[in-house]
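Following: one structure in structure tokens, then a few remarks.
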Amino acid sequence: MYFVLYSLLTFLSTCHCLVEKDETKENHCGLLKQWLESSLVSVEIIKKGFHREVVTTVELSPDVSRGVRVLLVHTWPRGVYVDPYQLASLSGRSNWQILLDSAIDLELPAHKTAGFVTYVYPTLDGPNPRLLKVTIPIHGRYHEPSFVGETFTSVDIEPPELLLRTEKCTQLNNLGPHTVMDAPCTHDNSSTCQWVKLQPQQERGPVGLQFPVGEGSLVTPVCGGTLLVTVLCCAALSRYIWKHRII
């Protein structure tokens, strides 16, 4: 009789713990959805010329927990590039880490390369954890010369996607209209995790950059002039060497 009562009490307490645990997870998933709906992402470009800085500001919900992971996914056009060595030196002195999805060739012109993606992992350890600011230096690539008289070309920088995740919320299928996507868990790229993506903000479009381009009609005279100067210099140098018997 005592054994039956003990087994019944044990079973009831286990069920109660499981229900309590499920409710806790559901509460955290609801909080995660609220955090997404009250978060904002903005982008501005500073500096001029071929060397710019993209400043991304993330305003998180006031009640966001420090247990939340934040990920910014930048999709960059082929007209710009980032210097991996420069980023490595910056991330070591900043409160964020970065992962590149592919190797970056610093020398290729814009029309011979493709766009790329960076994953930026800010930390919430600052004095104001709900306000994150990430500054990424970018550099303009050289573009093909224009044959229609244009002196500048435009490159659009899209705002990054904001992704959140927390270990306490594993049921991510009921967080609509926000979508779930797979992305690297950390900047080490050792494994992928499921993240919840903030819905695109319609009022925040891309930021346009202007980079100078060469005049296509001048390609032939410039190349011809360069070749002529090179030949004349070589001839003058050869004559000088022959005259003074320089070996």
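The values are calculated or read from the model by the stated rules, or taken from the named source; none is laboratory data. From a predicted model like this one, the values you see are computed outputs, not experimental measurements. Backbone-built Cβ (ideal geometry, glycine too); neighbour counts: all protein chains shown. Note: areas computed on protein heavy atoms with side chains; ligands, DNA, RNA excluded. Shrake-Rupley method; radii C 1.70, N 1.55, O 1.52, S 1.80 Å.
Please give the number of the condition Leu237 fails out of (1) of a type outside the set (Ser, Thr, Tyr); (2) modelled with pLDDT of 90 or more; (3) open to solvent by less than 40 Å² (accessible area, probe 1.4 Å).
If we test Leu237 against (1) of a type outside the set (Ser, Thr, Tyr); (2) modelled with pLDDT of 90 or more; (3) open to solvent by less than 40 Å² (accessible area, probe 1.4 Å), just (3) comes out false.
Quick one: would you say Thr123 is open to solvent by 10 Å² or more (accessible area, probe 1.4 Å) and closer than 23 Å to Arg165 by Cβ? Full working, then the answer.
Numbers: open to solvent by 10 Å² or more (accessible area, probe 1.4 Å): yes; closer than 23 Å to Arg165 by Cβ: yes.
When the stated conditions are applied, Thr123 passes them.
With the structure loaded, tell me whether Asp105 is open to solvent by 50 Å² or more (accessible area, probe 1.4 Å) and closer than 30 Å to Val219 by Cβ or whether it fails that test. Working first, answer last.
Working: open to solvent by 50 Å² or more (accessible area, probe 1.4 Å): yes; closer than 30 Å to Val219 by Cβ: yes.
Yes.
How many residues does region 147-171 contain that are surrounded by fewer than 16 Cβ atoms within 10 Å (Cβ to Cβ) and over 30 Å from Cys29 (Cα atoms)?
Matching residues across region 147-171 total 8.
Inside region 80-165, counting only strands (runs of 3 or more DSSP E) that do not spill past its ends, which hold 1 or more residues that are in contact with a His (Cβ under 7 Å, 6 or more places away or on another chain) and at pLDDT 90 or above? Please lay out each step first, then the result.
Values: elements: 96-100, 116-122, 131-140, 152-157, 161-165.
Answer list for region 80-165: 96-100, 116-122, 131-140.
What number of residues in region 172-196 are small (Gly, Ala, Ser), modelled with pLDDT of 85 or more and open to solvent by less than 50 Å² (accessible area, probe 1.4 Å)?
Start the filter on region 172-196 by keeping residues that are small (Gly, Ala, Ser), which leaves 176, 183, 190-191.
Right, trim to modelled with pLDDT of 85 or more and you get 183, 191.
Filter again for open to solvent by less than 50 Å² (accessible area, probe 1.4 Å), leaving 183.
Total satisfying the criteria: 1.
If you go through region 53-89, how many residues are touching a residue at least 24 places away in the same chain (Cβ under 8 Å) and under 14 Å from the mean Cα position of the chain (by Cα)?
Matching residues across region 53-89 total 20.
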